[in-house]
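Peer 1: Here it is, the structure in full.
Each reported figure results from applying straightforward, stated rules to the coordinates on display, with no laboratory input. Keep in mind it's a predicted model, so treat the numbers as computed, not measured. Positions of Cβ are generated from backbone atoms using ideal geometry, with glycine treated the same way; all protein chains shown enter the neighbour counts.
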Amino acid sequence: MSRSADRPDRRVAAPPPSLWSRITKASARDIVDDGVPRWLAWQVFWAPIAGAVLLVTLFAVSRPSYYEVLAEDRPVEWLQFALCLMTALFGLAAARRLAVRRQFAAAGALLLVGLGSFFLAGEEISWAQRVFAFGTPEQLASTNSQEEFNLHNLHAVGFDVQDMFKIFSFLLGLGGVALTLATRGRRPWLTGRFWLLVSPPLYALPGFLGMVLYRPFRLLDIAYMPVLKFQEWVETALFLSMAVTAYVIYLRSARSALPVTPAEGASSSADAGTAVGLAGRTGTRPLVIAVCVVAVTVVFAALTAHHGIAPGNPVPR
């Protein structure tokens with residue numbers, strides 16, 4: 001008998017991959033499948049975490065600067081406006097393509113996302129009240145806690161619309177997390193073309209998860225002002241995840257229009273040319289949308305600074 005037969009087998013089974021390893025590998029697969037630039041996807045993944053760390057550091061170094069960055073009409077709020085507007089445009093563009101393809105369920109869902117995001121963009125800047133320096137109607141000002149031209153600051157006896165917005169933002173985060181996880185794994189809970197089309201990419205998970213973790217914490221009714229203001233960054237991270245999800249769905253909707261097999265329309269050179277043209281437009285249109293949104297945001301921010309109307313201090317009616 002050989003010596004190797006007498007020796008016990010000392011091979012140890014490899015430990016199962018960690019949760020972090022599974023998430024990063026699955027995120028990498030999503031990046032390839034969605035055709036999103038790798039640098040963009042990983043920035044979306046890390047931005048909510050890195051931004052939170054930077055804000056905590058800023059608070060420790062300079063509290064006035066912390067409050068200044070998170071104040072209205074400052075960088076974080078303008079970023080929120082830009083992300084919501086970008087989500088709206090990507091969502092509406094995807095809805096149009098899906099409707100043409102007669103994928104009406106997905107088109108309807110994206111239409112709601114687009115219109116809802118446009119509404120959020122308007123609410124973020126009080127529907128450009130300080131941009132164009134117009135007053136608040138007296139009836140609205142009397143029920144608005146900041147006397148501004150928006151709905152989320154309305155209040156009535158025993159009811160505050162802002163509470164409804166907070167619940168809605170929590171549901172957005174929860175829905176994003178649930179949909180992301182339910183369509184992945186060895187045995188996904190949700191399968192089918194619709195769910196695969198509208199599912200957020202895994203690298204957008206941190207932004208959705210941040211809102212899910214933050215909102216119950218706020219139910220403790222902690223009146224510590226730094227914690228209250230930190231909500232602005234949590235909302236920004238949520239809007240970032242929504243924007244990249246709308247962008248990814250837009251890309252998926254374009255790919256679904258491309259011929260998959262020769263039998264589906266790629267048998268002729270004319271059809272192949274159409275497919276190439278569609279792929280080219282798909283690559284340029286998101287960039288055009290992003291550039292236009294950034295331009296509008298910069299112009300609006302400049303006009304707001306020019307008029308110098310402080311939030312909560314509406315122009316004379």
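Peer 1: Roughly how many nanometres apart are two label points built 7 Å out from the Cα toward the Cβ at Lys25 and Leu181?
Peer 2: 1.9
Peer 1: Compute the relative contact order of the range 125-255 as a whole-number percentage, counting only Cα pairs closer than 8 Å that sit 6 or more residues apart in sequence.
Peer 2: Reported relative contact order: 18 percent.
Peer 1: Follow-up question, since we're still on this one. Can you compute the charge dipole magnitude of the range 126-221 about its Cα centre, using +1 on each Lys and Arg Cβ and -1 on each Asp and Glu Cβ, nothing else charged? Give it in debye, rounded to the nearest 20.
Peer 2: It comes to approximately 880 debye.
Peer 1: What ³J(HN,Hα) values, in whole Hz, does the Karplus curve 6.51 cos²θ - 1.76 cosθ + 1.60 give for the range 91-103 when θ = phi - 60°, with x put for Gly and Pro?
Peer 2: For the range 91-103, the Karplus curve yields x, 5, 5, 5, 4, 4, 5, 5, 5, 4, 7, 6, 8 Hz.
Peer 1: Among 147-155, 84-92, how do they line up by average Cβ neighbours within 10 Å per residue, starting with the highest?
Peer 2: Top to bottom by mean Cβ count within 10 Å: 84-92, 147-155.
Peer 1: How big is the shadow of the Cα convex hull of the range 76-142, averaged over all directions, in nm²?
Peer 2: Taking the Cα atoms of the range 76-142, their convex hull projects to 5.7 nm² on average.
Peer 1: Once you charge only the Cβ atoms, +1 for Lys and Arg and -1 for Asp and Glu, what is the size of the charge dipole of the range 111-182 about its Cα centre, to the nearest 20 debye?
Peer 2: Approximately 220 debye in magnitude.
Peer 1: Taking the Cα centre of each part, how many Å lie between the range 239-254 and the range 85-161?
Peer 2: The range 239-254 and the range 85-161 have Cα centres separated by 19 Å.
Peer 1: What is the distance, in nm, between label points placed 7 Å from the Cα along the Cα-to-Cβ direction at Asp33 and at Leu171?
Peer 2: That separation, rounded to one decimal, is 2.8 nm.
Peer 1: Related question: Treating only the Cβ of Lys, Arg, Asp and Glu as charged (+1, +1, -1, -1), what charge dipole size does the range 18-70 show about its Cα centre? Round to the nearest 20 debye. Please report the intermediate quantities before stating the final value.
Peer 2: On the way: 5 positive and 4 negative charges, 40 e Å.
Here the range 18-70 has a charge dipole of around 200 debye.
Peer 1: Give me the number: length gained by fully extending Val227 to Glu68, i.e. 0.36 nm times residue separation minus the C-alpha to C-alpha distance, one decimal in nm. The partial results should precede the final answer.
Peer 2: Working: separation 159, 0.36 × 159 = 57.24 nm, distance 1.44 nm.
The Val227-Glu68 span can extend by a further 55.8 nm.
Peer 1: Please tell me the relative contact order of the range 91-144 in percent, rounded to the nearest whole number, where contacts are Cα pairs under 8 Å and at least six residues apart.
Peer 2: Over the range 91-144, the number comes to 26 percent.
Peer 1: For the range 93-166, build the charge dipole from Cβ charges (+1 Lys, Arg; -1 Asp, Glu) around the Cα centre, then report which of Gln103, Ser142, Phe119 sits farthest towards its positive end.
Peer 2: Projecting each Cα onto the dipole axis, the largest value belongs to Gln103.
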